[in-house]
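The values are calculated or read from the model by the stated rules, or taken from the named source; none is laboratory data. This one's a predicted model, so the numbers in the text were calculated from it and none came from an experiment. Neighbour counts run over all protein chains shown; Cβ positions are idealised from the backbone, glycine included. These area figures cover heavy atoms from the full protein model, side chains too; ligands, DNA and RNA do not enter into them. Shrake-Rupley method; radii C 1.70, N 1.55, O 1.52, S 1.80 Å.
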Amino acid sequence: YTQYGADTLRLYEMATGPLDASRPWETRDVVGMYRFLQRLWRNMVDETTGECTVVDTPADDDTRKLLHRTIDAVRTEMDALRFNTAIAKMMEFTNFFTKCDVRPRACMEQLVLILSPFAPHFAEELGELLGHGKTLAYEPWPGYDESLLKTETVEIPIQINGKLKSKLNVSPDLGKDELEQAARNDEKIKSQLEGKTIKKVIVVPGKLVNLVIG
């Protein structure tokens, strides 16, 4: 507590698993949460000057989709008391921005808001740097655009006799017949079907295609 602070300790306790399960204490994992907060801080604050580095540039489409999916996922996990997976989603979002040169204000402000129930002191500090004059405690939960939550493509494994042979990136709405045909037309699969007889086809839309051959 004295070394890493209350917010790090709170995050660690929530991130290690369901709150109703007993878990061993691992100091190394406490350090992991501390580093997560450090990464998040560096995404928004210049360590030399202490100035806020976010910009008012609008986020691109891919970033907006990730933001809205993160907001939705964190809310869903919180409602189910799965705080560990909610924290994992925020860590993924933070890691995404460590590779970006631009950190749009709209994204950073909403990230701070969804973090605030987990690390309130840390979030209040960032909120002040972002220009919020009042506490975040009474701010509404960020909204999200449901149209941005839909996955445009899914990766479907194609198996032959239960062994992975190729993968398809297709629409999640593709039906059984279309998915089977796409699998048959895959170049890797076509070469392995030459001279073979397909005895059975197992198609689970959105999940897999398995061709049983003899």
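Hey, any idea what Rg/Rh is for segment 36-156, computing Rh the Kirkwood way over Cα pairs? Mind showing how you got there, number by number?
On the way: Rg = 14.2 Å, Rh = 14.9 Å.
Using Cα coordinates only, the ratio equals 0.95.
Highest mean packing first, where packing is the average number of other Cβ atoms within 10 Å per residue, the peptides 63-71, 132-140, 98-106 line up as 63-71, 98-106, 132-140. Calculated accessible area for the chain comes out at 60 Å² per residue, all protein chains present (probe 1.4 Å; ligands, DNA, RNA ignored).
Modelled spin-label separation between residue 192 and residue 53, with each label point placed 7 Å from Cα along the Cα-to-Cβ direction: 4.5 nm.
Taking 0.36 nm per residue of sequence separation and removing the Cα-Cα distance, the residue 35/residue 85 pair yields an extension gain of 16.3 nm.
Here the chain exposes an accessible surface that is 48 percent carbon and sulfur, computed with a 1.4 Å probe and the other protein chains kept in place. Along the axis of the charge dipole computed for the chain (Cβ charges of +1 for Lys and Arg, -1 for Asp and Glu, origin at the Cα centre), the listed residues 11, 117, 164 are led at the positive end by 164. In terms of its alpha-carbon gyration tensor, the chain comes out prolate; a/c meets the 1.5 threshold, and the first ratio a/b outweighs b/c.
State the extension gain, in nm to one decimal, for the chain segment bounded by residue 46 and residue 213, taking 0.36 nm per residue of separation less the distance between their alpha-carbons.
On the way: separation 167, 0.36 × 167 = 60.12 nm, distance 5.98 nm.
Contour length minus the Cα-Cα distance gives 54.1 nm.
With the highest mean first, a sort of the peptides 85-94, 109-118 on other beta-carbon atoms found within 10 angstrom per residue produces 109-118, 85-94. Oblate is the label for segment 1-106. Its Cα gyration tensor axes, ordered a ≥ b ≥ c, give a/c of at least 1.5 and b/c at or above a/b. About its Cα centre, the chain has a charge dipole of approximately 1280 debye under the convention of +1 per Lys or Arg Cβ and -1 per Asp or Glu Cβ, with nothing else charged.
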